[in-house]
Amino acid sequence: MPEEVRSTSDSEGVVTHRFPPGFVWGAATAAFQIEGSTTVDGRTDSIWDEFCRRPGAVCDGDTGDPAVDHYRRYERDVALMAELGLGAYRFSIAWPRVRPDGGEVNPRGLDFYERLVDLLLDNGIAPWATFYHWDLPQALEERGGWTNRDTAYRFAEYVDAVLGRLGDRVPVWTTLNEPWCSAFLGYASGIHAPGRTEPRAAVAAVHHLLLAHGLGIAAVRAQAPAADAGVTLNLFPVEAADPDSPADREAARIVDGLQNRIFLDPVLRGAYPADMVEHLAPYGLTEHIQDGDLELISAPLDLLGVNYYRGHMVSGAPDNAPQGPSDWIGAEHVRFLSTGMPLTDSGWEVQPPGLLDTLIRVHQDYPAIPLHITENGAAYRDVFADDGTIRDVDRIEFLDAHLRAAHAAIERGVDLRGYFYWSLLDNFEWAEGYAKRFGIVHVDYTTQVRTPKQSARWYAKVISDNGF
Ligand code: IFM
């Protein structure tokens with residue numbers, strides 16, 4: 001094993017992870033989850049502002065205001081990042097600030113991101129910007145949202161506006177964050193904004209999101225040729241509960257297709273997977289594909305962002321009746337089973353080996369592309385000890401186990417170049433509101449006081465041990 005990718009323990013038994021030189025160490029957030037200030041400086045509604053007003057849509061009726069007030073406290077937050085020694089900060093830009101209602105450019109919206117990016121650069125922290133982390137302007141949703149092909153072109157205009165201001169300074173751009181969530185949670189099960197439960201709409205959204213990605217990459221190449229560009233997908237390893245059962249294997253194939261390959265294949269191979277074209281034929285997938293789309297969608301990338309939280313174990317249960325709207329179009333009979341691993345506060349199983357499996361799978365099944373883990377993290381019920389600290393040992397164990405898996409992937413030859421913890425700060429966890437805390441930095445939602453948890457200190461040590 002090369003010296004630089006060794007995992008060791010120091011004299012206190014604290015694991016230190018030796019990653020290759022140049023490995024990117026970061027933390028991630030997203031605009032709607034942290035910024036607040038949803039009505040200032042010209043910003044107008046996104047689909048999430050609207051969704052939050054819908055009774056029962058978001059836990060406790062929580063909204064994106066004030067979130068963690070990052071729009072006004074970004075200087076303190078960047079100082080925190082610097083204290084932790086982060087090499088990179090992954091954040092998203094709010095489309096409804098930059099082009100409110102999807103219309104004219106709003107320079108005040110761009111001013112905020114310019115101040116943020118310049119401050120990060122002054123602090124030696126690389127800004128990694130994502131154009132779309134789910135906050136579609138509501139006015140565009142009213143014209144069909146992602147079911148409307150035109151939304152992809154409006155996205156390209158928005159990307160152009162951002163690049164016109166920041167294209168000379170941001171080293172890494174990603175087009176979309178987790179288009180699976182935008183399409184399937186937003187338009188099929190409706191548990192995310194815009195809360196629609198129309199399978200055909202979700203399938204249209206898949207293609208138009210991918211088209212937006214392709215147009216976004218073309219814009220980055222044209223306006224910021226020195227920058228790296230990619231997309232972030234939430235990938236899940238999918239396992240058949242009984243590998244000898246044809247029904248379970250079939251369930252695994254379909255869930256893997258709908259979750260992973262429907263995005264990986266067009267982006268990295270230039271075609272939708274044949275079995276998904278067939279599976280989604282009743283929902284009109286191919287009706288949306290026009291000449292030249294797949295060429296745009298599969299333009300070469302500099303990196304693929306992998307968001308990993310857990311895997312799926314599935315079984316086919318043909319006799320099960322579908323229970324209401326589902327993310328799993330045409331696969332409503334599939335059952336998702338527990339593998340018996342401990343749960344985070346989100347009820348998600350802690351499955352570090354799934355990260356290794358995911359990275360190896362992408363490495364083996366798709367053309368060589370540098371990978372970055374652009375999100376990985378866990379919500380836990382953090383409590384303050386009497387001395388005012390938060391000893392979030394469960395989060396440290398989570399982080400440690402997943403870094404070991406990442407490390408093992410590098411040892412196995414995967415071209416993995418970075419890791420971003422989700423999230424820097426406790427924040428608005430979508431339909432869960434503020435009930436789930438993912439941060440390595442605690443936020444008191446009444447006072448907005450930030451308190452780094454023990455996991456933040458632990459992560460800072462890993463980063464400094466790796467030469468940052
Ligand atoms: O909070 C989200 C983030 O916005 C996208 N990826 C998963 C995180 C945890 O659910």
Mind jotting down a quarter of the surface of the convex hull over the alpha carbons of region 17-109, in square nanometres, one decimal?
8.2 nm²
What does the charge add up to near residue 172, with Lys and Arg as +1, Asp and Glu as -1, over the other residues with Cβ less than 10 Å from its Cβ?
-1
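Counting Lys and Arg as +1 and Asp and Glu as -1, what is the net charge of the other residues whose Cβ lies under 11 Å from the Cβ of residue 150?
Here the count lands on +2.
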Just to be sure I understand the curve: with the Debye formula and one point per C-alpha of region 416-468, what is log10 I(q)/I(0) at q = 0.28, 0.29 Å⁻¹?
-1.09, -1.13
What is the Cα coordinate range of region 165-208 on the first, second and third principal axes, sorted by size from largest, in whole angstrom?
41, 18, 15
Would you mind pulling out the separation of the Cα centroids of region 287-366 and region 258-285, in Å?
13 Å
To check my understanding: the extent here is largest minus smallest coordinate of the Cα atoms along each principal axis. What are those three numbers for region 388-432, in Å, largest first?
40, 25, 15
Using a simple spin-label model with points 7 Å from Cα along the Cα→Cβ vector, what separation in nm is obtained for residue 121 and residue 39?
3.5 nm
For region 161-285: span of alpha carbons on each principal axis (Å, largest first)
54, 30, 22
Column: log10 I(q)/I(0), Debye, Cα scatterers of region 97-190, q = 0.12, 0.17, 0.22 Å⁻¹:
-0.42, -0.78, -1.15
For 192-198, 382-388, 284-290, ranked highest to lowest by mean beta-carbon neighbours within 10 Å, the order is 192-198, 284-290, 382-388
Across 5 Å bins from the origin, how do the percents of Cα pairs in region 99-152 run, short distances first?
4, 16, 20, 20, 15, 11, 8, 4, 1
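Can you give the Rg to Rh ratio for region 222-275, taking only C-alpha atoms and Rh from Kirkwood?
In region 222-275, Rg relative to Rh is 1.18.
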Equivalent ellipsoid semi-axes - Cα gyration tensor, the chain, angstrom:
30, 28, 23
Estimated D of region 291-410 in µm² per second, where Rh is the Kirkwood radius over Cα pairs and Stokes-Einstein applies at 37 °C, 0.692 mPa s
188 µm²/s
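Report Rg/Rh for region 342-421, rounded to two decimals, where Rg is the Cα radius of gyration and Rh the Kirkwood radius.
My calculation puts Rg/Rh at 1.07.
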Using the crude model of +1 on Lys and Arg Cβ and -1 on Asp and Glu Cβ, and no other charge, please compute the dipole size for region 306-379 relative to its Cα centre, in debye to 20.
120 debye
Calculate the dipole size of region 373-468 relative to its Cα centre from +1 charges on Lys and Arg beta carbons and -1 charges on Asp and Glu beta carbons; express the result in debye to the nearest 20.
160 debye
Mind computing the radius of gyration and Dmax over the alpha-carbon atoms of region 216-316? Å is fine for both.
16.1, 52
Neighbour-count ranking [beta-carbon atoms within 10 angstrom, fewest first] of 221, 200, 73:
221, 200, 73
To the nearest 20 debye, the chain has a Cα-centred charge dipole, built from +1 on Lys and Arg Cβ and -1 on Asp and Glu Cβ, of 480 debye
Taking R0 as 35 Å, what FRET efficiency do you get between residue 222 and residue 274 from their Cβ-Cβ distance, rounded to the nearest 0.05?
0.60
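Where a number appears in this text, it was derived from the coordinates with a stated rule and is not lab data. All of these numbers come straight from a predicted model, not from anything done at the bench. Cβ: placed from backbone, ideal geometry, glycine included. Neighbour counts: every protein chain shown.
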